[in-house]
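Take a look at the structure set out below.
The values are calculated or read from the model by the stated rules, or taken from the named source; none is laboratory data. What you are looking at is a predicted structure, and each value in this text was computed from that prediction instead of being measured. So basically every Cβ, Gly included, is an ideal-geometry build from the backbone, and we count neighbours across all protein chains shown.
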Amino acid sequence: MMGFYYARVFEVLIVGHYYAHEIMVGAVFVLSRVYFFDYNRCMDKRIFLALIMIFSVIFIWFLFGKDAHITNAPPKGGTVVAFGDSLIMGVGATSGNDFVSRTSRAIGIPISNVGLSGDTTRAALDRTDEVLTRKPHVVLISLGGNDAIKKIPKEETERNLVTIVRRFQAEGAVTILLGVRGGLLGDPYESMYERVAKQTRSILVPDILDGLFGDARYMSDAVHPNDAGYERIAARVAPIVFALYKNR
């Protein structure tokens, strides 16, 4: 078990190479993952939740200091939208147990779900105008998985992601990129998401299927989580959105 924790700390350091504030994000990741992997053995899960929220508040200081690195942070209003593919839709979850719904309940803020099964970055470009009519202040973006399945060139996927993110940012939104794996044997998308996040000054949640993919306890099929899997994703995403709004 300790080897797992050390691996997570190493991940924090790698992400921190791109953003100083991501060290705090990584700490939240570690706590949230420990919460799901080991709370039955260690302590009441309410204690872990409290620790997650404490680290989220510390994260705010890093995120919104005078040298803030995140475009449009803090958000100027409470409209939150989740935009993307079937992972946003919650394919594989029972009603109300997708990660968007779970995140919304955890932070006490409504989140509009505009996920579309099978969506690629190509198709999503045509949907951004409709999303902008909602005047979002925070946009969660999960795109890229279907690009890999449909063999869209990675260079095009990256360009499309940058365009999508900048369209939302141009209207004042904070953007949170949710990464996914781009392959079975390796992850050619990992560096792509890091570049997009760095270039656009977005928050990045790396590979939201990490620890779930290939594990029948958390997956409803080969690519979609079940209720337990989406619960884990929400545990990584909710503290980040919480931190954004705690500062308002």
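Give all pairs with beta carbons closer than 8 Å in which a residue from region 161-173 that is free of Cβ contacts under 8 Å to residues at least 60 places away in the same chain and closer than 11 Å to Thr128 by Cβ meets a residue that is in a loop (DSSP other than H, G, I, E, B) and among the basic types (Lys, Arg); count only pairs at least 6 apart in sequence or on separate chains.
The qualifying pairs are Glu171/Lys135.
Could you tell me whether Phe168 is more than 15 Å from the chain's Cα centre (by Cα), under 15 Å from Leu143 (Cα atoms) and either part of a loop (DSSP other than H, G, I, E, B) or of a type in the set (Phe, Trp, Tyr) (or both)?
Criteria met by Phe168.
Going by the conditions given, is Val205 of a type in the set (Val, Ile, Thr), out of contact with any Lys or Arg (no Cβ under 7 Å at 6 or more places or on another chain) and under 22 Å from Thr128 (Cα atoms)?
Working: of a type in the set (Val, Ile, Thr): yes; out of contact with any Lys or Arg (no Cβ under 7 Å at 6 or more places or on another chain): no; under 22 Å from Thr128 (Cα atoms): yes.
For Val205, the condition - of a type in the set (Val, Ile, Thr), out of contact with any Lys or Arg (no Cβ under 7 Å at 6 or more places or on another chain) and under 22 Å from Thr128 (Cα atoms) - is not met.
For region 190-202, check the following and say yes or no: at least one residue is at pLDDT 95 or above and under 16 Å from Ala82 (Cα atoms).
Yes, region 190-202 has at least one match.
Filter region 203-244 for residues that are out of contact with any helix residue (DSSP H, G or I) (no Cβ under 7 Å at 6 or more places or on another chain), surrounded by fewer than 21 Cβ atoms within 10 Å (Cβ to Cβ) and part of a helix (DSSP H, G or I) and give the result.
Listed by number, the residues that qualify are Asp227, Ala228.
Can you confirm whether Ser104 is outside any helix (DSSP H, G or I) and either closer than 26 Å to Phe242 by Cβ or out of contact with any strand residue (DSSP E or B) (no Cβ under 9 Å at 6 or more places or on another chain) (or both)? Outline the logic, then answer.
Working: outside any helix (DSSP H, G or I): no; either closer than 26 Å to Phe242 by Cβ or out of contact with any strand residue (DSSP E or B) (no Cβ under 9 Å at 6 or more places or on another chain) (or both): yes.
For Ser104, the condition - outside any helix (DSSP H, G or I) and either closer than 26 Å to Phe242 by Cβ or out of contact with any strand residue (DSSP E or B) (no Cβ under 9 Å at 6 or more places or on another chain) (or both) - is not met.
Given the structure, is Val180 within 29 Å of Thr79 (Cβ to Cβ) and part of a loop (DSSP other than H, G, I, E, B)?
Numbers: within 29 Å of Thr79 (Cβ to Cβ): yes; part of a loop (DSSP other than H, G, I, E, B): yes.
Yes; evaluated as a whole, the condition is true for this residue.
In region 126-160, which residues are surrounded by 16 or more Cβ atoms within 10 Å (Cβ to Cβ) and either farther than 19 Å from Val196 by Cα or of a type in the set (A, V, I, L, M) (or both)? Spell out the reasoning first.
Taking region 126-160 as the starting set, the residues that turn out to be surrounded by 16 or more Cβ atoms within 10 Å (Cβ to Cβ) are 128, 131-132, 136-148, 152, 154, 157-158, 160.
Answer for region 126-160, where residues must be surrounded by 16 or more Cβ atoms within 10 Å (Cβ to Cβ) and either farther than 19 Å from Val196 by Cα or of a type in the set (A, V, I, L, M) (or both): Val131, Leu132, Pro136, His137, Val138, Val139, Leu140, Ile141, Leu143, Ala148, Ile152.
Ile60 - would you say it is at pLDDT 60 or above and at negative phi? Walk me through it before giving the result.
Working: at pLDDT 60 or above: no; at negative phi: yes.
For Ile60, the condition - at pLDDT 60 or above and at negative phi - is not met.
Anything in region 191-202 that is among the charged types (D, E, K, R) and part of a helix (DSSP H, G or I)? List them, or say none. Step through it out loud before you land on a result.
Kept after step one, since they are among the charged types (D, E, K, R), are these residues of region 191-202: 194-195, 198, 201.
Once the filter is applied, which keeps residues that are among the charged types (D, E, K, R) and part of a helix (DSSP H, G or I), region 191-202 yields Glu194, Arg195, Lys198.
Considering region 103-134 alone, what residues qualify as being among the charged types (D, E, K, R) and touching a Gly at 6+ places or on another chain (Cβ under 8 Å)? Spell out how you get there, then give the answer.
Our first condition is that a residue be among the charged types (D, E, K, R); within region 103-134, this holds for 105, 119, 122, 126-127, 129-130, 134.
Correct list: Asp119 only.
With the requirement that a residue be farther than 16 Å from Ala173 by Cβ and of a type in the set (A, V, I, L, M), what does region 108-122 give you?
Listed by number, the list holds a single entry, Leu116.
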